[in-house]
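The values are calculated or read from the model by the stated rules, or taken from the named source; none is laboratory data. Since we're looking at a predicted model, the values are computed, not measured. With ideal geometry, Cβ positions are generated from the backbone for all residues, glycine too; neighbour counts draw on all protein chains shown. Side chains are part of the model used for accessible areas, which takes the heavy atoms of the whole protein and leaves out ligands, DNA and RNA. Shrake-Rupley method; radii C 1.70, N 1.55, O 1.52, S 1.80 Å.
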Amino acid sequence: MYDFLMYLADALLARWAKTGSKLHERQAGAQRAFSEVAAFRAQAPEAAVAWFHVASLGEYEQAKPLLAALKAEQPALRIVVSFFSPSGYRPAAAKPQAHVDTLFYLPLDRPAHAQKLLHTLRPQLFFCVKYDIWPNFLLAAKASGASCYLIAAVFRPGQVYFRPWGGFFRRILPLFDHVFTQDEKTAQLLQRHYPSLAVTCTGDTRYDRVLETAAAPKRFPEIEACIAGRPVLVAGSVWEQDMRLLLPFIREARDFFILIAPHAFQEEQMERWLRETGRPSRRYSKLKGPCDVLLIDNVGMLAQLYQYATVAYVGGASGDGLHNILEPIGFQVPVVHARLKRRAKFPESASAREAGLVQEVQDAEVCRRALGRYRDAHTLAQAKTRAAAFLHRQKGSSQAIMHVLKQEI
């Protein structure tokens, strides 16, 4: 049944995905994957290959510290990364990626696709990240002799892998040679249901990644000139629901400089947001002279922009999913976000709330008060101290994974 559904989805996408849509882009990219992988392999037919599969940009960020550590350990190792989502592939493909030898879209999870790709790529190591697991590709990787790993894993009891009727899916997780989890709850869940599976709780590799970014951020002199010593609110990956919460504070907080990074670039929406601020506003692509509100209308800058933040608002909590709160925390910046719609999917928010680094807000008035607290120098200094201690406790996940891998590969 699963294989039939994958076949049907592939056929329908090929026929009905609208030109210019994300689905069409993904489908076209997936069709190119076989020739792209063949061309890559032809350049170094005997080289050892490590294959990382990620869903999108967030999972790629989780993979980066580990693939960098692998490359440092084995410089001759060729590293390839596959993406499922255009939201991850586009920004990664737009510029050279350190430590990565090639990128491609993952074809849909059909047995024929998996076997063809594995026959060409012939990886020695295969890594899945978090929970983006495609059974046929994992089966083919295992059959090819690759060592298979799941890193930064997060699972919940209600998922199909832990249900008595899980059938086919219950046979998938034991294919991994080792599973590295983000938290103890996931490790205990896996050990209870799969007692023979090798499981280690190593934490979230994103902490290592954000600390790397914070250690050497890229500077933006034109933005620094606009800030001119003012406190800064960075509103990262925001949606319409987030802006409804933020606009009262933005209008009232004339002492703050505002950086807004939308989740999606919709022309009418971006222009409307700038008008609704009621303050001198610009888009980054048209930045000339000073302003109070700057909207970032490109991809790839947000993680670096948190270096300027006094406080950050991180979007997506009430919609599709909370964006990366660890990026601002890496710069010791306190975070505000909307009430989480899918709380179990974002354990990092719970950990950061317990550490006093994150506040959830349910309406615009609570949001206004939460952001305004950080005008107080003492409150801000306390937040930075807590953030430093929190990051110190969380770092080292990629080194812990490498310690195990060195014993197994």
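Helix 240-252 and the long axis of the chain differ in direction by around 20°, with both axes built from C-alpha atoms. Residue by residue, the stretch 122-136 carries 3J(HN,Hα) couplings of 6, x, 8, 10, 10, 10, 9, 10, 6, 8, 8, 10, 10, x, 5 Hz when phi is fed to the Karplus relation 6.51 cos²θ - 1.76 cosθ + 1.60 (θ = phi - 60°); x denotes Gly or Pro.
Placing +1 on the Cβ of every Lys and Arg and -1 on the Cβ of every Asp and Glu, with nothing else charged, gives the chain a dipole about its Cα centre of roughly 260 debye.
If you bin all the Cα-Cα distances of the chain at 20 Å, starting from zero, the percentages per bin are 25, 55, 20, 0.
With the simple model of a label 7 Å out from the Cα in the direction of the Cβ, VAL366 to ALA389 spans 2.6 nm.
Accessible area per residue, 1.4 Å probe, Å², for the stretch 134-252: what's the number? Intermediate values should be presented prior to the final figure.
On the way: 4950 Å² over 119 residues.
Value returned for the stretch 134-252: 42 Å² of accessible area per residue.
Relative to the present Cα-Cα distance, how much length would full extension add between ALA9 and GLN43 at 0.36 nm per residue of separation?
Working: separation 34, 0.36 × 34 = 12.24 nm, distance 3.29 nm.
Result: 8.9 nm gained on full extension.
Identify all lysines with a Cα-Cα distance to LYS130 below 16 Å; exclude those on the same chain that are fewer than 8 residues away in sequence. The reachable lysines, counting only those whose Cα sits under 16 Å from LYS130, are LYS64, LYS185, LYS345. Only one residue of ALA63, TYR313, VAL333 has its Cα farthest out toward the positive end of the dipole of the chain, where Lys and Arg carry +1 and Asp and Glu -1 on Cβ, and that residue is TYR313.
Is the stretch 340-409 best put as rounded, prolate or oblate by its Cα gyration tensor, with a ≥ b ≥ c the root eigenvalues, rounded for a/c under 1.5, and otherwise prolate when a/b is larger than b/c, oblate when not?
On the way: a/c = 5.20, a/b = 1.87, b/c = 2.77.
Judged from the Cα gyration tensor, the stretch 340-409 comes out oblate (a/c at least 1.5, b/c at or above a/b).
For SER349, SER281, SER144, the ranking by accessible surface with the largest value first comes to SER144, SER281, SER349, using a 1.4 Å probe. Taking all protein chains together and rolling a 1.4 Å probe, GLU268 ends up with roughly 110 Å² accessible.
Split the accessible area of the chain by element, probe 1.4 Å, and carbon with sulfur accounts for 55%.
Only lysines eight or more places from LYS116 in sequence, or on another chain, were considered; those with a Cα closer than 19 Å are LYS142. For the stretch 227-351, the pair-distance distribution built from all alpha carbon pairs, in bins 5 Å wide starting at 0, is 2, 11, 23, 25, 22, 11, 4, 1, 0 percent. For a straight C-alpha distance cut-off of 26 angstrom, the lysines reachable from LYS286 (same-chain residues fewer than eight places away being disregarded) are LYS95, LYS218. Accessible surface area normalised per residue over the stretch 333-409 is 51 Å², counting heavy atoms of protein chains with a 1.4 Å rolling probe. Derived scalar couplings between HN and Hα for the stretch 104-119 equal 7, 7, 7, x, 4, 7, 9, x, 5, 4, 4, 5, 5, 5, 5, 4 Hz in order, rounded to whole Hz, by the Karplus curve 6.51 cos²θ - 1.76 cosθ + 1.60 (θ = phi - 60°), x for Gly and Pro. Restricting the calculation to Cα atoms, the stretch 89-226 shows an Rg/Rh of 1.06 when the hydrodynamic-style radius is the Kirkwood one. Helix 57-73 and the longest principal axis of the C-alpha atoms of the chain enclose an angle of approximately 60°.
Peptides 377-383, 198-204 ranked from most to least packed give 198-204, 377-383, packing being the mean of other C-beta atoms within 10 angstrom over each peptide's residues. The convex hull around the C-alpha trace of the stretch 112-169, projected and averaged over every direction, spans 4.4 square nanometres. The charge dipole of the stretch 256-409, taken about its Cα centre with unit charges on the Cβ of Lys, Arg, Asp and Glu (plus for the first two, minus for the last two), comes to roughly 280 debye.
With angles folded into 0 to 90 degrees, how steeply does helix 267-276 sit against the dominant principal axis of the chain? Use alpha carbons for both and round to 10. The two axes meet at around 30 degrees.
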